[in-house]
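The values are calculated or read from the model by the stated rules, or taken from the named source; none is laboratory data. Bear in mind the structure is a predicted one, so any value in this text is a computation, not a measurement. Here the Cβ positions follow ideal geometry from the backbone for every residue, glycine too, while neighbour counts run over all protein chains shown. Side chains included, ligands, DNA and RNA excluded: accessible areas come from the protein's heavy atoms. Shrake-Rupley method; radii C 1.70, N 1.55, O 1.52, S 1.80 Å.
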Amino acid sequence: MKKRITIIIICALAALILGGGYLLYQRYYGGAVKFDIETAPIVDFEHRSVASDHGIVSDYLWMRTKQLMVGVDDESMLIPSSYMIAGRLSYQDAESSGEYRLEDQALLLMMYVRSGDRIKAMQLKEQILGYFDFEAVSNTDLAAFLDAYINYYTVYGSVKDGEKIEELVHVLFDEEGNMRPEALSVASYEQGSFYSLDDPSEGDGSYSSLEQIGEEHPVEYSSLTGIRISSIDLRLIRNLENNGLLPAGSYEKNLALVLGAQVSDDIPLFAYAYADGIYVYSHNVAAAVDVEESVVTMRHLSETGDLPSDSYNWLKMQILNYGLVRQQYYYSYGSTQGSEAVGIYSDIMHIALEIDDMDMYERACILEGSRVATYSSSPALSMIYREEDGRFVFYARENLDVCLAVT
């Protein structure tokens with residue numbers, strides 16, 4: 001008799017536990033409407049093999065990035081924008097930037113989802129939601145997080161996540177599907193001798209002032225309010241529209257805005273911003289197009305199959321002819337100059353994946369692979385570094401974005 005009563009009690013407790021679990025699941029997950037979204041191409045064995053041939057091994061890169069950078073400043077799940085390892089001299093200690101960018105956390109979240117680490121993805125998502133003021137972050141950062149968040153939601157999300165995504169969409173976009181304007185700054189010459197708002201395609205003689213580049217024309221910055229073209233994530237916008245979170249026509253309207261930002265038929269790069277009804281063609285240098293900004297814009301266009309062939313061909317020729325990409329395209333010289341644009345080689349890897357151009361992908365891997373840490377005793381072994389003032393610095397965006405391009 002006692003044995004029967006014990007069995008009945010155990011069965012009743014099991015039923016209560018299962019019933020409670022079911023109710024909790026229904027409350028938090030059962031009503032979640034999963035999105036049907038377009039995602040990045042699957043990185044197949046052939047691409048991973050090509051990357052590995054040039055020192056970029058996805059598992060090692062991902063493992064080391066987590067070990068070296070995640071939680072380094074006692075922010076348990078967040079990753080700082082950069083980390084400098086200890087130098088050779090006794091006083092050259094390891095140092096974190098102490099800066100946390102939402103875009104970097106978005107890439108980290110995307111990697112947790114891509115690698116199937118549900119627990120870490122959930123923990124990071126919760127810390128992000130509690131850490132950042134989404135009204136104050138840049139459009140680029142918020143768009144990157146929304147992209148990662150809807151990918152997370154599609155795999156692991158709850159009803160609460162769906163509601164939060166809808167809330168963030170209303171922060172970033174207005175009711176008509178336009179991105180919110182934000183405060184931007186652009187370079188201009190002192191006393192307005194040349195402003196980067198000038199349209200280089202008008203042929204009105206404005207090129208003449210561009211020849212006067214030098215110390216006699218110190219650069220100032222002008223403030224404006226507008227839309228940064230590289231922040232317009234077209235695949236995100238199409239996914240949001242297709243799932244009823246943005247009004248019909250949002251994607252086509254934003255696509256037209258981006259395509260209209262092409263500088264000219266002869267210069268298939270893209271403007272920095274759109275403000276007060278005009279395109280702002282330059283950014284940090286008043287006499288030039290920001291190539292890095294243009295390449296990020298090209299990436300967004302490639303993700304929806306809308307990248308103009310002349311823009312892609314221009315980018316590919318830079319690597320084929322010069323073996324690298326430089327930061328600025330000067331109107332007056334008709335060529336790129338300035339420092340090497342190392343920050344966008346991961347973007348080129350992603351563009352090559354979208355276009356399905358293995359040759360371009362390998363060339364970008366060569367450029368990234370030339371900066372893979374190879375010292376066996378280094379805490380950053382297998383990560384991608386930049387040498388700055390004789391020290392080795394590792395950037396979260398670069399390492400995580402390359403992880404995504406090889407995983």
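In region 334-348, which residues are surrounded by 18 or more Cβ atoms within 10 Å (Cβ to Cβ) and either touching a Gly at 6+ places or on another chain (Cβ under 8 Å) or of a type in the set (D, E, K, R) (or both)? Answer for region 334-348, where residues must be surrounded by 18 or more Cβ atoms within 10 Å (Cβ to Cβ) and either touching a Gly at 6+ places or on another chain (Cβ under 8 Å) or of a type in the set (D, E, K, R) (or both): just Asp347. Restricting attention to region 40-55, the residues that are more than 11 Å from Tyr361 (Cβ to Cβ) and in contact with a strand residue (DSSP E or B) (Cβ under 9 Å, 6 or more places away or on another chain) total 1.
Looking only at region 122-146, which residues are among the aliphatic types (A, V, I, L, M), without any contact (Cβ under 8 Å) to a residue 60 or more places away in the chain, more than 15 Å from Gly71 (Cβ to Cβ) and surrounded by 15 or more Cβ atoms within 10 Å (Cβ to Cβ)? Give the derivation first.
Narrowing region 122-146 to residues among the aliphatic types (A, V, I, L, M): 122, 124, 128-129, 136-137, 142-144, 146.
With without any contact (Cβ under 8 Å) to a residue 60 or more places away in the chain added as a condition, the list becomes 122, 124, 128-129, 136-137, 142.
Then keep just the ones that are more than 15 Å from Gly71 (Cβ to Cβ); that gives 122, 129, 136-137, 142.
Passing the criteria: Met122, Leu129, Val137, Leu142.
Scan region 394-406 and tell me whether some residue there is modelled with pLDDT of 95 or more, part of a loop (DSSP other than H, G, I, E, B) and open to solvent by less than 10 Å² (accessible area, probe 1.4 Å). No: zero hits. For region 155-174, the criterion of a residue being in contact (Cβ under 8 Å) with a residue 12 or more places away in the chain, more than 18 Å from Phe35 (Cα to Cα), among the acidic types (Asp, Glu) and surrounded by 15 or more Cβ atoms within 10 Å (Cβ to Cβ) is satisfied by no position. Screening region 31-69 for residues that are open to solvent by less than 40 Å² (accessible area, probe 1.4 Å) and hydroxyl-bearing (Ser, Thr, Tyr) and picking the one that is nearest to Met122 (Cα to Cα) gives Thr65. If you filter region 363-388 down to residues that are assigned to a helix (DSSP H, G or I) and open to solvent by 70 Å² or more (accessible area, probe 1.4 Å), you find that the one that is farthest from Gln318 (Cα to Cα) is Ile366.
The residues of region 297-330 that are part of a loop (DSSP other than H, G, I, E, B), more than 18 Å from Cys365 (Cα to Cα) and open to solvent by 20 Å² or more (accessible area, probe 1.4 Å), listed by number, are Gly305, Asp306, Leu307, Pro308.
Among the residues of this structure, Arg180 counts as one that is under 27 Å from Lys253 (Cα atoms), out of contact with any Lys or Arg (no Cβ under 9 Å at 6 or more places or on another chain), open to solvent by 10 Å² or more (accessible area, probe 1.4 Å) and not polar (S, T, N, Q).
Residue-by-condition table, conditions (1) surrounded by fewer than 22 Cβ atoms within 10 Å (Cβ to Cβ); (2) assigned to a helix (DSSP H, G or I); (3) more than 22 Å from the chain's Cα centre (by Cα):
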position: Ser230; (1), (2), (3): no, yes, no
position: Glu241; (1), (2), (3): yes, yes, no
position: Leu246; (1), (2), (3): no, no, no
position: Glu252; (1), (2), (3): yes, yes, no
position: Leu257; (1), (2), (3): yes, yes, no
position: Ile267; (1), (2), (3): yes, no, yes
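Looking across region 70-89 at every residue that is of a type in the set (Gly, Ala, Ser) and either touching a residue at least 12 places away in the same chain (Cβ under 8 Å) or farther than 12 Å from Gln127 by Cβ (or both), the one that is surrounded by the fewest Cβ atoms within 10 Å (Cβ to Cβ) is identified as Ser76.
Evaluate the following for Tyr281: is it in contact (Cβ under 8 Å) with a residue 60 or more places away in the chain, out of contact with any Ser or Thr (no Cβ under 9 Å at 6 or more places or on another chain) and open to solvent by less than 40 Å² (accessible area, probe 1.4 Å)? Answer is no for this residue. Per this entry, Ile351 is counted among residues that are buried (at least 23 other Cβ atoms within 10 Å of the Cβ), over 18 Å from Val57 (Cβ atoms), free of Cβ contacts under 8 Å to residues at least 60 places away in the same chain and not aromatic (Phe, Trp, Tyr). Annotation: of all residues in region 90-114 being exposed (fewer than 15 other Cβ atoms within 10 Å of the Cβ) and not acidic (Asp, Glu), the one that is nearest to Pro41 (Cα to Cα) is Gly98.
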